[in-house]
């Protein structure tokens, strides 16, 4: 997924010179890591035949438990994904030992909500086609039909009300239940 993001999420100058520094990076860190972790785990869930030789690899129970654990970690972090936008934010969160909770887990949770808005993994991935021409923020707004700030507000409301279920993560009506039947 990071290779895909590199092709669509970095300015050509960054790719050509192999300098992926923050000034040439398109999109916040939470987006890069959150979309990478979500898309990778969801792809594994949707393509279980890739893991036929492993016992019980990434079934629905595993995926939903992972998503609930990530949501729980994020809600306990005492931070928001807006604290994980730039490379400097990463450094600050590193000092607090909260990179995983905010950038990875918060970003993953945010991307689950974005995927729910657009209905399928295939449609979620279509935002990447817009990034080279429009830049990340305008591509986000055009694709998800809301501003980044509006999304941050929606995410905050969701997290404040969210019910994390580690013991029974795949119970009917769970916040991430819509992903169980996702096929695209």
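Brief remarks on what is shown
- Every condition in (1) touching a helix residue (DSSP H, G or I) at 6+ places or on another chain (Cβ under 9 Å); (2) at pLDDT below 75; (3) more than 26 Å from residue 93 (Cα to Cα) holds for residue 62 except the one numbered (2).
- Pairs are defined by a Cβ separation below 6 Å, a sequence spacing of at least 6 or placement on different chains, a first member in segment 1-12 that is in a loop (DSSP other than H, G, I, E, B), and a second member that is at pLDDT below 70; the pairs so defined are 11/24.
- Comparison of 142, 172, 163 shows that the only residue that is without any contact (Cβ under 8 Å) to a residue 12 or more places away in the chain and either within 22 Å of residue 7 (Cα to Cα) or not in a helix (DSSP H, G or I) (or both) is 172.
- For residue 117: the one exception among (1) touching a residue at least 24 places away in the same chain (Cβ under 8 Å); (2) crowded, with 18+ Cβ neighbours inside 10 Å: (2)
- Contact map, segment 54-72: residues that are on the phi > 0 side of the Ramachandran plot and crowded, with 20+ Cβ neighbours inside 10 Å paired with residues that are at pLDDT 80 or above and not in a helix (DSSP H, G or I), Cβ distance under 7 Å, separation 6+ or inter-chain. No pairs are found.
The values are calculated or read from the model by the stated rules, or taken from the named source; none is laboratory data. Given the structure is predicted, the values throughout are model-derived calculations rather than measurements. Please note: Cβ atoms are built from the backbone with ideal geometry, for glycine as well, and neighbour counts cover all protein chains shown.
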